[in-house]
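The values are calculated or read from the model by the stated rules, or taken from the named source; none is laboratory data. Keep in mind the model is a prediction, meaning the values are calculated, not measured. All Cβ positions, glycine included, derive from the backbone under ideal geometry; neighbour counts span all protein chains shown. With ligands, DNA and RNA removed, areas are computed over all heavy atoms of the protein, side chains included. Shrake-Rupley method; radii C 1.70, N 1.55, O 1.52, S 1.80 Å.
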Amino acid sequence: MFARVMSFGVSGLQGYAVGVEVDTSGGLPQFAIVGLPDSAVKESSERVRSAVKNLQYPWPASRITVNLSPADVRKTGPVYDLPIFLGILAAEGPLPAPGPQQAFVGELSLDGTLRPVAGVLPMALAAARSGVQELFVPAENAEEAAAVEGLTVYAARTARQVAAHLTGSAPLCPTLPAVYDADGQWRGPDFADVRGQEEARRALEVAAAGGHNILLVGPPGTGKSMLAKRLPGILPPMSYEEALETTAIYSVAGLLPGGGLLKARPFRSPHHTTSASALSGGGTVPRPGEVSLAHNGVLFLDELPEFSREALEALRQPLEDRVVTVSRVHGSAAFPCRFMLAAAMNPCKCGYLGHPTRACTCTPVMVEQYRHRISGPLLDRIDLHIGVQPVEYDALASDRGGEPTADIRARVAEARRVQAERYAGLGVRCNADLPGNLLRRYCRMDAGAERLLRGAFERMGYSARAYDRILRVARTIADLAHSETITAAHLSEVLQYRSLDREAR
């Protein structure tokens, strides 16, 4: 007897249809799974066998062959347990064969309980595109799948519930999709707790308003990490499209906490011993790395010079292209990585170069060697370089806190709204994404700004990339000031945010 059940798999971030074909025939009892299965898929035979018996269904005393089509695509993970279970019962007769408009995903425990699987959101998106009308998933994956429009999602806790639904004896209730409501509240650390550091606070506001990369340079204990951890709080809430993109990445990585779409922008802070593969993505089967897990959020690299040279250089292409392609033996995958890079470092190896009260013990050669751990091309891709100095005692002891996160976030959201209206229909989300061919159109400077930038360019020897990034940051500062034209005042502020360029001279 033969039965076919629809299921789905994931390659990179893309879901694809998988036909689970089950054939039971005469001969010595045997259970074979073909179609390029990995170890987790091959082990489905034991999980399915135990689940069938423990749910009191008859196990066929025949040869069972399961084919996962297309046969030239490698299948990974335990996602096919449920469709194999249903296919065996449909081939033997206890269950009716599901229709082509129904699809099933889920891992089985030995007692028939359904366990959640990774990558359900990309599978659900692929199911909706391919015309599937009903998707059956483990209960823990239901809200995630229900976020896809045009798809009826059924949540089940056991394989018996799915079987009862197919026979009509106990129909399941569809999972109602939750209305996406962007989270307007920030529950993390507040900028009101920060004392002093007005220049760094202003620079972080500019970075958030335009989506620019930022580097904080200062002695130990000046609050660099504390400031960076407050950066996500002043970013505007994610749109539905951004939430869908970010949730899909976390779903594939198996890091989705549950409860539907992610609403808070991600903040990733890998340790400086992280490898290049962990940052950019990799593995035998390509998986998203830290740059992709920070998509639509912030990637914070503390102690930037302590990262390996290989890891830092791996950031260059993702920072420029906003997408990283991972190629491995078992295929290649492209993962989006539109993130803000926030980094922090000491000014020298001992950390006290330029400190007002503590002497630096580093020689000029040691300082140069420490700075050279960060290559020029990578530094060129960071828009703002901010010096962070120790806070004076009076500021630390003051009862008056700084401006709260909510007020800064309101200004950032207004600047982002202006940018969204300006770039409507161009595929540009913020000033940092503005392509070079559109800079001249949207970054109009007055005569004073033109003269100032010309002088700085000739004196500092900026690269063409640095020139473009200066214009993008100036556009953001003008947006915060509600100005359509970039003035000399806006440009002067931008040039103050390139401290490492001045020191390199």
Fill in the blank from the handout: Karplus-derived 3J(HN,Hα) from phi for region 8-21 (6.51 cos²θ - 1.76 cosθ + 1.60, θ = phi - 60°), whole Hz, x at Gly and Pro, runs 9, x, 10, 10, x, 10, 9, x, 8, 6, 10, x, 9, 9
Practice task
Check cross-link reach from residue 229 to the lysines: straight Cα distance under 25 Å, and skip same-chain residues fewer than eight apart.
Solution key: 263, 349
Exercise for the section: With the full set of protein chains in place, find how many percent of the accessible area of region 40-90 is carbon and sulfur; take the probe as 1.4 Å. Expected result: 48 percent
Problem - Cα→Cβ-extended label distance, 7 Å offset, between residue 192 and residue 36, nm - result: 5.6 nm
Handout entry: Whole-number accessible area per residue in Å² for the chain, which is evaluated in the context of all protein chains at 1.4 Å
Key = 43 Å²
Exercise for the section: Quick one: which residues, 5+ away or cross-chain, put their amide H under 5 Å from the amide H of residue 287? H built at 1.01 Å from N. Expected result: 282
Handout entry: Computed E for residue 54/residue 396 - FRET, C-beta separation, R0 45 angstrom, nearest 0.05
Key = 0.10
Exercise for the section: Would you mind checking which residues have amide H under 5 Å from residue 136's amide H? H placed 1.01 Å from N; only 5 or more apart, or other chain. Expected result: 103, 104, 105, 154
Handout entry: Simple spin-label estimate for residue 46 and residue 308 in nanometres, 7 Å along Cα-Cβ
Key = 3.5 nm
Completion exercise
Of the candidates 50, 121, 167, the farthest towards the positive dipole end of the chain (Lys/Arg Cβ +1, Asp/Glu Cβ -1, centred on the Cα centre) is 121
Completion exercise
Once phi for every residue in region 42-53 is put through the Karplus expression 6.51 cos²θ - 1.76 cosθ + 1.60 (θ = phi - 60°), the whole-Hz ³J(HN,Hα) values, with Gly and Pro written as x, are 4, 6, 4, 4, 6, 5, 5, 4, 5, 5, 4, 5
Problem - Percent of beta bridges antiparallel (DSSP, the chain, rounded to nearest 5) - result: 50 percent
Exercise for the section: Determine the gain in length on full extension of the stretch residue 359-residue 328; use 0.36 nm per residue of separation and subtract their C-alpha separation, reporting nm with one decimal. Expected result: 6.2 nm
Fill in the blank from the handout: The long-range amide H neighbours of residue 486, using H built 1.01 Å from N in the peptide plane and a cut-off of under 5 Å, are 444, 445, 446
Exercise for the section: Order the peptides 119-125, 73-79, 138-144, 189-195 from the highest to the lowest mean number of other Cβ atoms within 10 Å of their residues. Expected result: 119-125, 138-144, 73-79, 189-195
Handout entry: Estimated 222 nm signal from helices in the chain, with DSSP H stretches of n ≥ 4 weighted -39500 (n - 2.57), rounded to 500
Key = -10500 deg cm²/dmol
Fill in the blank from the handout: Expected vector for region 490-497, Karplus 3J(HN,Hα) from phi with 6.51, -1.76, 1.60 and θ = phi - 60°, integer Hz, x for Gly and Pro, equals 5, 5, 4, 5, 4, 5, 5, 8
Exercise for the section: Apply 1/(1 + (r/R0)^6) to the Cβ-Cβ distance of residue 424 and residue 320, taking R0 = 22 Å, and write down the FRET efficiency to the nearest 0.05. Expected result: 0.35
Practice task
Excluding residues fewer than 8 places away in the same chain, name every one of the lysines whose C-alpha is closer than 26 Å to that of residue 75.
Solution key: 42, 53
